[in-house]
Each structure stands twice: as structure tokens, then as C-alpha cells.
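Take a look at the structure set out below.
The values are calculated or read from the model by the stated rules, or taken from the named source; none is laboratory data. All figures in this text were calculated on a predicted structure; none of them were measured in a lab. Because the Cβ atoms are built from the backbone with ideal geometry, glycine has one as well, and the counts that use them run over all protein chains shown. What goes into the accessible areas is simple: the full protein's heavy atoms, side chains included, and nothing from ligands, DNA or RNA. Shrake-Rupley method; radii C 1.70, N 1.55, O 1.52, S 1.80 Å.
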Amino acid sequence: MLPIATALALPAAPATAASGDPPEWTQPRPPLHLLGPITYVGTRGLGAYLIRTSAGAILVDATMAENVPAIERNIRSLGLKLSDVKLILVSHAHFDHVGGLERMRRDTGARVLAGSGDVAALRSGTPPGETSYGVHRFPAVSRVSPVADGERVRLGEVTLRAVATAGHTPGCTSWVMRVDDHGRPREVLFAGSMTVAGNRLIGNRRYPEIVRDYRATFDRIERLRADVVLPMHPEAADVFSRERTGTLVAPRLLGDMARAARADFERTLREEKR
Ligand SMILES: [Zn+2]
């Protein structure tokens, strides 16, 4: 342990561990079975979901670099080997969701799939747009395959469909799958982020279509049907309390989230214009 004076004199933390990040982003928690083949394996504040199939497992998001050991522990505690993870699906190329991706890719040997608009960012380790909080880099991902809107990804008996939900990043992707929930079919959406979260909306030279993309995504999400919403920031849909109270199935939630995100986006845009 360093004396405090020495600690204060140290240079700023590396880009992957910004001191202003919510502490729950890096607080481990045990896995939580949600429904059907889906188990939450992320930290208290950053979503990572494991989907088990007869041909191995699919991981949705790897979160931050420092979370990889906790997520790997969670996967192993379910009786799986890391090499059982065959696919990693990416929500979007921001450090809090992909900082641990390259390490997770190497540890599992899984194939990584991401929305085509974020692939260059993933390969370079530089996020794909301008923000008010500066450039927050992450370890470059050496192997990643692009997926297009509507593309289907299959492993064993599980099929997921990519739904392009651009705006938050150009390649921000949500993933839809059908789950058998005790004999009842449920549409589950792993929802990409819809928040502005510091994105520059006006004069974003690295992402000039940002405003148009956000609005198209809100239009699209409001028309989409999902019985269960599993976001990459679990509190955005109260995942843990819904699991506790048996209210994960909430068909109106997605529309409510999209309308709230749209209102917040339009308000932020007006403020930026001033
Ligand atoms: Zn983000």
C-alpha cells in the first residue's frame, strides 16, 4: 500500500480506469440466471450476458478490462470452460463495454461479432466519435467480424438477429432472440445504449450523421416488440429488481425506454444548440 502523499503524486490512471466512473462498474457480483438459457455474468453496473446452447456459449459484451477475471470466474462457476464460449457479440465500441474484449477473445478463442459501423474503432482501439469527455481508448481487438443489420447469428439451437441501433455509436447493435420461458415464447432484446452520454451531437466531425441515426433508432425501437429488455447498463431496465420480483417480462418497457431516451436526446440537442 502506498502512503497517500505518494499515491496522489502518481500520474493519472490509464484510460481504461477513469476515476470518475461509477464504482459499481467494476464491482463483481455472482451470476444470476434470468430466463431460458440466459444468465447475467457481468458486474453490478456493466452488463455481460451468457447464453448457453448445446454447441457452446455466447457472451454478449465483455465490459471493462479490469472486469475480465470476475466475468471469467462467473462463467467457470456455471460449470463451463472458457473455451466453451464460441461467440462474443458486441453492443458498441465504448471502453466500458469493450475494454476487456481483446483479452476475453484471447482467453476463450471465441469469434467476435460487432456492428459494421464500429469495426474500425474496435480494430484501432479508438472510439468512433467525439465526446465531451475526450477520447477514451481501449485495447484494440485484433480479430472482429462485421455484422450487418438483420444478419442472423446461430450457435446450436440459438439464433440471434442483429438490429442496428446506431446513434450512441455508428455500429451500436442490439441483439434479439426468442427464448422458451417455461413453455412460453419470449422475445428478448439485448439493448444497445440509446443515451447521449457525452456524445457530441453538433459538429461531430468523426460522426456527422449522429443526429439522424439517433432519431432513426428511436423510431425503430418504438416499433420493435420485446417481452424482455436486457440492457448493457443493467439499471437502465432494473434487471436485478425485475428478476427478484418476477417482472422481467415487461412488454411495454422497451417503448417507454425509447421514448424517455428520445426526450432526453432532443433536450440535450436543444441545449447544445444554444
Ligand atoms: Zn457507450
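Six or more apart or on different chains, Cβ under 9 Å: which pairs go from a residue in the range 234-252 that's under 16 Å from Pro185 (Cα atoms) to one that's small (Gly, Ala, Ser) and assigned to a helix (DSSP H, G or I)? Could you list them?
Listed pairs, sorted by first residue: Thr247/Ser241; Leu248/Ala237; Ala250/Ala237.
Could you tell me which numbered condition Met64 fails, if it satisfies all but one of (1) buried (at least 19 other Cβ atoms within 10 Å of the Cβ); (2) farther than 21 Å from Val158 by Cβ; (3) away from the ligand (no atom under 16 Å from the Cβ)?
Only one criterion in (1) buried (at least 19 other Cβ atoms within 10 Å of the Cβ); (2) farther than 21 Å from Val158 by Cβ; (3) away from the ligand (no atom under 16 Å from the Cβ) is unmet by Met64, namely (3).
Does the range 113-134 contain at least one residue that is of a type in the set (Val, Ile, Thr), surrounded by fewer than 22 Cβ atoms within 10 Å (Cβ to Cβ) and without any contact (Cβ under 8 Å) to a residue 12 or more places away in the chain?
Looking through the range 113-134, at least one residue is of a type in the set (Val, Ile, Thr), surrounded by fewer than 22 Cβ atoms within 10 Å (Cβ to Cβ) and without any contact (Cβ under 8 Å) to a residue 12 or more places away in the chain.
Which ones in the range 150-187 are among the β-branched types (Val, Ile, Thr), open to solvent by less than 40 Å² (accessible area, probe 1.4 Å) and either over 15 Å from Glu222 (Cα atoms) or without any contact (Cβ under 8 Å) to a residue 60 or more places away in the chain (or both)? Working first, answer last.
Filtering the range 150-187 for residues among the β-branched types (Val, Ile, Thr) gives 153, 158-159, 163, 165, 169, 173, 176, 179.
Among the residues that remain, those that are also open to solvent by less than 40 Å² (accessible area, probe 1.4 Å) are: 153, 158, 163, 165, 169, 173, 176, 179.
Within the range 150-187, Val153, Val158, Thr165, Thr169, Thr173, Val176, Val179 qualify.
Test Ala197 against the criterion of being more than 18 Å from Leu87 (Cα to Cα) and in a helix (DSSP H, G or I), and give yes or no. Write out each step before concluding.
Details: more than 18 Å from Leu87 (Cα to Cα): yes; in a helix (DSSP H, G or I): no.
For Ala197, the condition - more than 18 Å from Leu87 (Cα to Cα) and in a helix (DSSP H, G or I) - is not met.
Which residue is nearest to the chain's Cα centre (by Cα), if the candidates are limited to the range 74-106 and must be within 16 Å of the ligand (Cβ to nearest atom) and of a type in the set (A, V, I, L, M)? Steps first, please.
First, pick out the residues of the range 74-106 that are within 16 Å of the ligand (Cβ to nearest atom): 89-101.
Still in the list and also of a type in the set (A, V, I, L, M): 89-90, 93, 98, 101.
Details: Leu89: 9, Val90: 6, Ala93: 9, Val98: 8, Leu101: 11 Å.
It comes out as Val90.
Return yes when Gly203 is of a type outside the set (A, V, I, L, M, F, W, C), open to solvent by 30 Å² or more (accessible area, probe 1.4 Å) and over 29 Å from Ala110 (Cα atoms) and no when it is not. Steps first, answer last, please.
Details: of a type outside the set (A, V, I, L, M, F, W, C): yes; open to solvent by 30 Å² or more (accessible area, probe 1.4 Å): yes; over 29 Å from Ala110 (Cα atoms): yes.
Taking the combined requirement at face value, the residue satisfies it.
Only one of Gly171, Gly167, Gly150 is part of a loop (DSSP other than H, G, I, E, B) and over 17 Å from the mean Cα position of the chain (by Cα). Can you tell me which? Don't jump to the end; show me each part of the working.
On the way: Gly171 fails: over 17 Å from the mean Cα position of the chain (by Cα); Gly167 fails: over 17 Å from the mean Cα position of the chain (by Cα).
Going through Gly171, Gly167, Gly150 in turn, the sole match is Gly150.
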